[in-house]
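Everything on this sheet refers to the single structure shown next.
Computed from the coordinates by the stated procedures, all read-outs in this text should not be read as laboratory data. Not measured: the values here are computed from a predicted model. Glycine gets a Cβ as well: all are built from the backbone with ideal geometry, and neighbour counts include every protein chain shown.
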Amino acid sequence: MGTTEDNRGISRRNFVGGALVAGTAMVAAGLTGCGSPRNSGDSSDAPTAASSVDWTQEADIVVVGCGASGTMAALSAAENGASVIVLESSPAMGGSGILCSGAILGAGTKMQKENGIEDCPEALAEDVRSFVEGMFGPGEFERMGDDWELMELHASEAANTVDWLADHGVQFYGPSQQPGQPVARLHMLHPNAAAWPPVIKPLVEDAGVDIKFQTKAAELILEGDRVVGVKTIDQMTQEEHCYKGNKGVIMATGSIEGSKDWRQKIYTLEQANVQCANSFNDGSGIRMMCKIGGDTTEYTAGAAMPMLYCDDPAPHVGWYTALMSGGAIMVDPSGKRFISENAPEMEMLLAIDALPERKAFALYDETIAQLPSVSVDKVETIPGFGYASIREFEERGGIFTGNTIEEVAEKAGVDAAGLAAEVARYNELAASGTDADFGRQTLGSGLLTPPYRILGPAKAQVISGAFGMRVTNKHEVKDTFGNIIPGLYAVGEGAHGLAKDYSTGTGGKMSWAFTSGRLAGAHVASL
Ligand SMILES: Cc1cc2nc3c(=O)[nH]c(=O)nc-3n(C[C@H](O)[C@H](O)[C@H](O)COP(=O)(O)OP(=O)(O)OC[C@H]3O[C@@H](n4cnc5c(N)ncnc54)[C@H](O)[C@@H]3O)c2cc1C
């Protein structure tokens, strides 16, 4: 690979290097066995050599991470004849892949054809190209370099992935069209994102894949320059084990979204404090790969940024502006307002995160519900529906409704007396035209007309990764000099960044996770 001990760990971005040294030291400090002299902590920065470990178990392939990409890598590798061990730090299959909206992008799928939708991978690639050019100018493709090749691979294989999942019994709604896309391309996991593990897990197990839950990967093990295995820590017993992957190790550990330390490098302390939807994706996988010289991509747009987010079945994105501009109020679980509703979304989500229960609710009335921003304009997105107006979410039961403030409060789990008192106060303020409590500039006409609605709970959450490793179109991880690190592959959020985030709209991350896992599993199995 052309990488030497001397150049390992040198990153072209200092912040990555700094974080990786700190993170590596933390990881190595907990190690106690596995036959390695390094485990006693004598040289925590040095990679572990295969000659110094006793292997616990071996297979053709070791997959690290049993989320969206890792599970598909394991299934596809096993179906292509490889023996596979999967290491997963959490107790269950799914990762962020079961927390998401469940939208999978695909152009040219069987489902589209069955629904009379004409589409093809080339059209998707072309749409992404126009999208990127519109946003960043024509030179962007040259700058993206191999990341653009990955995007083309993604566009060309996404439909095959959706068909492959459907052939394995995964069910989808749709396809559904989102704003900005010329045709319906979103394949929505049915009935929600958590639907795929119950279908896929038995198949993976039947294919002989050995999944080790609550087993956290701590370090990659090298034989010369080649990655040959993974050192792990059992999350229950703290025992250490070493697993050998004779054909390779596929890293499917997400990005750094669950690492507060890492998020602090990008955001303020307050923003970094926001909880991550999936704290298991703590950046340990990225750190392990950086430690042996792997190179990372740039931060992606909106990288690991906190968002104001509602759990299903409420709309996820876009509702805050739509409702607040119409005069809705935000209250905490005791029914009290806590900030001006004119606050920018980031300020609002930080204020919510500072509340004792870290959640809040939006209250609005019939007058607001009839505004075009609520009854007509589309917001994002829930399984089965893609983009829809807030009014549609109401009709489908995603929003609490009541003829009195007390009734709607009780349904939503907000203190009824507290909310009634706050609404009475707010209506007085609205009538006076001055928000003496929080300085809101546009108060609206108050909350006077039943039925009343409550949307929530709304929480501040980090839901996406920030960057991944640089990989080839065979998912081989590159080092900081552009050379391939033999035996090491990366998929999902932890592999490339721009490629998936440049896909137009939602669903690109999941289709990249499933697609990169499927392709990498088949490729490594074929070696
Ligand atoms: C709330 C939410 C909403 C989202 N909405 C969308 C959407 O609308 N559209 C879209 O396309 N994408 C969406 N996403 C993103 C999408 O879910 C992810 O991009 C996708 O799941 C990434 O797959 P992955 O395999 O890389 O990571 P994951 O599915 O998270 O899997 C990573 C796995 O690795 C495990 N792991 C991490 N470190 C280690 C370690 N050291 N050892 C062992 N195991 C480890 C984790 O426990 C986890 O199970 C959303 C995500 C969230 C959280």
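Quick notes on this one:
- Long-range HN-HN contacts of GLN235 with modeled amide H, under 5 Å: THR215, LYS216
- Overall form of segment 385-447 per C-alpha gyration tensor (a/c, 1.5; a/b vs b/c): oblate
- Taking other Cβ atoms within 10 Å as a rough exposure proxy, HIS187, HIS241 sort from fewest to most as HIS241, HIS187.
- Shape box of segment 103-193 [Cα atoms, principal axes, largest first, Å]: 41, 24, 23
- Calculated over segment 239-310, the projected area of the Cα convex hull averaged across directions stands at 6.9 nm².
- Furthest towards positive pole of dipole, LEU323, LEU349, THR237, structure part the chain, Cβ charges: THR237
- Our analysis of the chain gives Rg over Rh at 1.01, with the two radii drawn from alpha carbon positions and Rh computed by the Kirkwood formula.
- Relative exposure of LYS260, LYS110, judged by other C-beta atoms within 10 Å (fewest first): LYS110, LYS260
- Note on segment 231-366: Kirkwood hydrodynamic radius from all Cα pairs is 17.9 Å, rounded to one decimal.
- Principal axis extents of the C-alpha atoms in segment 48-99 (largest first, rounded to whole Å): 40, 26, 15.
- For segment 306-462, the alpha-carbon radius of gyration amounts to 0.93 times the rule-of-thumb value 2.2 N^0.38 Å expected for a compact globular protein.
- Computed packing ranks the peptides 68-75, 486-493 as 68-75, 486-493, most packed first, by mean other Cβ atoms within 10 Å.
- Listing PHE131, PHE280 from fewest to most neighbouring C-beta atoms within 10 Å gives PHE131, PHE280.
- Sites ASP261 and ASP234 - FRET efficiency at Förster radius 22 Å, r taken between beta-carbons, to 0.05: 0.40
- Selection from VAL199, LEU527, MET188 lying farthest towards where the dipole of the chain points positive, charges on Cβ: LEU527
- Only Lys, Arg (+1) and Asp, Glu (-1) charged, at Cβ; the chain dipole about Cα centre in debye: 460
- Computed about the Cα centre, the dipole magnitude for segment 250-394 is approximately 420 debye when only Lys and Arg (+1) and Asp and Glu (-1) carry charge, each at its Cβ.
- Antiparallel content of DSSP bridges confined to the chain, in %, to 5: 65
- When you restrict to C-alpha pairs under 8 Å that are six or more residues apart and normalise by the size of the chain, the relative contact order lands at 23 percent.
- Anisotropy class of segment 41-174 from Cα gyration tensor, a/c 1.5 cut: oblate
- About the Cα centre, charge dipole magnitude for segment 413-527 (Lys/Arg +1, Asp/Glu -1 at Cβ), debye: 540
- GluC sites (Glu not before Pro) lying in DSSP loop within segment 193-249, provided at most 15 other Cβ fall within 10 Å: GLU239
- Radius of gyration (Cα atoms) of segment 205-267, expressed as a multiple of 2.2 N^0.38 Å: 1.36.
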